[in-house]
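All remarks here apply to the structure that follows.
Derivation of every value follows stated rules applied to the coordinates shown; laboratory data play no part. Nothing here was measured: the structure is a model prediction, and the numbers come from that model.
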Amino acid sequence: MFKISAALKQRYPAAEAFRFGDSAASSEALLSLVRSGKKTATCSALRDIQNGEPMPTIGRRDIALNWDGTPALVIETVELVQCRFDEVTEAMALAEGEDDSLDAWRKGHGSYFKRNGGFSPDMQIIWERFILIEDLGREDDVLGHSSSLTYPAA
């Protein structure tokens, strides 16, 4: 399913692999936002983590995948907040890079959660701030060569 090279697994042995979004188009758009530096956070429904999705941990580096399962980026979690959906602040929403206001974030993410298991304003979420560590966007990077861009830890 996922096409992660042995070299990449060796560089990031504790990494979890995941996809941003719930479609090829949203995945591509979200990866572009991370690459541009506009997206520095994401969130998940706590129920998804309780149902088998791995819990993010501060300091762990994870591999964000393209929709086809090939590695795109390596990110490192630097902050975690568990809160209710309706407790997300404007600063948290804007850090996700997808919207220009808290209201727009609530509308878009409410729709996302409705499509992916259900939504309630009081549902628990895990909000995660991350930094970009490595861009694996070129084909030779997927094969484990060192031509990718690497970003220093903050």
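Observations on the model:
- Mean separation of Cα contacts under 8 Å (6+ apart) over length of region 6-138, as relative contact order %: 33
- Tilt relative to the chain, helix 102-115 - C-alpha long axis, 0 to 90 degrees, to 10: 80
- Pairs beyond 28 Å (Cα-Cα), from LYS9/LYS114; LYS39/LYS107; LYS9/LYS107: LYS9/LYS114; LYS9/LYS107
- With all pairs of different C-alpha atoms in the average, the Kirkwood value for the hydrodynamic radius of region 1-127 is 15.2 Å.
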